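Read-outs throughout are calculated quantities, based only on the coordinates presented, and are distinct from any laboratory measurement. Values in this document were obtained by computation on a predicted structure and should not be read as measured data. FYI the Cβ positions are ideal-geometry reconstructions off the backbone, even for glycines, and counts take in every protein chain you see.
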Amino acid sequence: MTKTIILLSGDGIGPEIIAEAKKALLAVAKKFKHSFNFDMRKIGGESIDAFGIPLTDDTIAVCKKADAVLLGAVGGPKWDNIDPEIRPERGLLKIRKELGLFANIRPTKLFPSLKSACPLKNDIVDSGIDFIVVRELTGGIYFGQRETKKLSDGQIWAQDTLGYSKNEIERIGHVAFEFAKTRSKKLCSIDKANVLDSSKLWRKVMEDIAKDYPSVTLSHMYVDNAAMQIIKNPAQFDVIVTENMFGDILSDEASALVGSLGLMPSSSIGTGKFGLYEPISGSAPDIAGKEIANPIGAILSAAMMLRHSFGLEEEAVAIENAVESALSKGFKTADIVSGKESPISTSEMGEKIVQEL
């Protein structure tokens, strides 16, 4: 199999962790007789420095012709004070929109060897932590109308608009139900239907979609309660579906359960097999260039790419098993060591995983 993968390393620790994900993909290609063609492009701050904007039309065009995109991270204090319309994060929002990627998939799974890194009590951890957050990605308050103005009395006033159409909710709903079908057939929809009209529509549409999936049990939960339940009893969840901002917050909260943001992969998908894959660790500018970032989130994102975009289940499982094996042997980066354990570097962690492959 021959596939073209666009690498958008981006800013901060992005180049370091994407380099290790590339190593893992090359190891998979060698072991399973595939050919992956890599094309490195710019996004975020590095694109601003080179071209004056966070994402160029040329980069978008190249991504649209590729089989998948693997992204590192965008942003950093260097670009905090520039025009908000060309901040690095705008590049990330734009590429998701341009590529039609409306569903963000964030798995939360605690590796057995990292139980000590979980902040929860042992009796909660022993019940297991393994669920997926399906987050709507191109609608809601992040893409709604916004305005800041000065009122007649001198006060500054600002607003952001949260809106969803029936179609936007339907398409993310179907993605979530399809995931639930392949797992434990439980789907929890998160909203704030006791207050927000957008959530009332969200809940109604989810209930309508549920009629097409009789094997899946649909439940509802208010977002404030969900934030508590993810901490109190994460084992109750299997697949969660929610709108953009709620999903952003809840999936970041969930990442704390596995011990580190650096362990968390994600994928952004649309209606076909194409996807953009990225760890959720962010650019972490405070540790960039120090060789201490955890590359596992990026490597597991590559595994998600193999599974969803390329249909290579055996190869995806091989990467996931290699990660778990390396961790079980005690190889850990600084963010997940405990007690007297000695951390290894970013590149060393990548090499250990490749060796397990």
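If I model a spin label at Gln159 and Ile231 as a point 7 Å from the Cα along the Cα→Cβ vector, what separation in nanometres do I get?
Between Gln159 and Ile231, the simple spin-label model gives 3.3 nm.
Based on Cβ point charges of +1 for Lys and Arg and -1 for Asp and Glu, what charge dipole magnitude is obtained for the range 119-258 about its Cα centre, in debye rounded to the nearest 20? Provide the component values of the computation, followed by the final result.
Numbers: 17 positive and 21 negative charges, 43 e Å.
In total the dipole reaches around 200 debye.
Once each part is reduced to its C-alpha centroid, what is the distance from the range 188-240 to the range 51-102 in angstrom?
A separation of 31 Å, based on Cα centres.
If the viscosity is 1.002 mPa s and the temperature 20 °C, what translational diffusion coefficient in µm²/s does Stokes-Einstein give for the chain when Rh comes from Kirkwood over Cα pairs?
Values: Rh = 21.0 Å.
Translational diffusion coefficient: 102 µm²/s.
Do any of Lys109/Lys185; Lys115/Lys352; Lys181/Lys273; Lys78/Lys273; Lys31/Lys109; Lys109/Lys166 go past 29 Å between their Cα atoms, and which?
Lys78/Lys273; Lys109/Lys166
Find how much the distance from Phe51 to Asp83 grows on full extension, using 0.36 nm per residue of separation minus their present alpha carbon separation; answer in nm with one decimal.
10.1 nm
Before anything else, pin down the relative contact order of the range 1-119: Cα pairs under 8 Å, at least 6 apart, normalised by residue count, whole percent.
In percent, rounded to a whole number, it is 32.
Determine the shape class of the range 119-258: with a ≥ b ≥ c the square roots of the Cα gyration tensor eigenvalues, call it rounded for a/c under 1.5, and otherwise prolate if a/b is greater than b/c, oblate otherwise.
oblate
Run down the aspartates and glutamates and flag those whose C-alpha is under 19 Å from the C-alpha of Lys186, throwing out any fewer than 8 positions away in its chain.
Asp130, Glu136, Glu170, Glu178, Glu207, Asp208, Asp212, Asp238, Glu243
Compare the Cα positions of Val125, Gln159, Thr242 along the charge dipole of the range 119-258 (+1 at Cβ of Lys, Arg; -1 at Cβ of Asp, Glu; about the Cα centre) and return the one farthest towards the positive end.
Thr242
What relative contact order, as a whole-number percentage, does the chain give when Cα pairs under 8 Å and 6 or more residues apart are counted?
Relative contact order of the chain: 22 percent.
Between Glu314 and Lys186, what FRET efficiency follows from the Cβ-Cβ distance if R0 is 22 Å, with the result rounded to 0.05?
On the way: r = 27 Å, r/R0 = 1.22.
Efficiency, rounded to the nearest 0.05: 0.25.
Determine, from the Cβ-Cβ distance of Lys204 and Lys273 and an R0 of 30 Å, the FRET efficiency 1/(1 + (r/R0)^6), rounded to the nearest 0.05.
Working: r = 30 Å, r/R0 = 1.01.
Here the calculated transfer efficiency is 0.50.
Packing-wise, with mean Cβ within 10 Å as the measure, how do 5-17, 341-353, 148-160 rank, highest first? Spell out each step's value before the answer.
Working: 5-17: 26.3, 341-353: 18.5, 148-160: 8.5.
Peptide ranking by packing, descending: 5-17, 341-353, 148-160.
First measure r as the distance between the Cβ atoms of Lys290 and Asn321, then evaluate 1/(1 + (r/R0)^6) with R0 = 22 Å and state the FRET efficiency to the nearest 0.05.
The value I calculate is 0.15.
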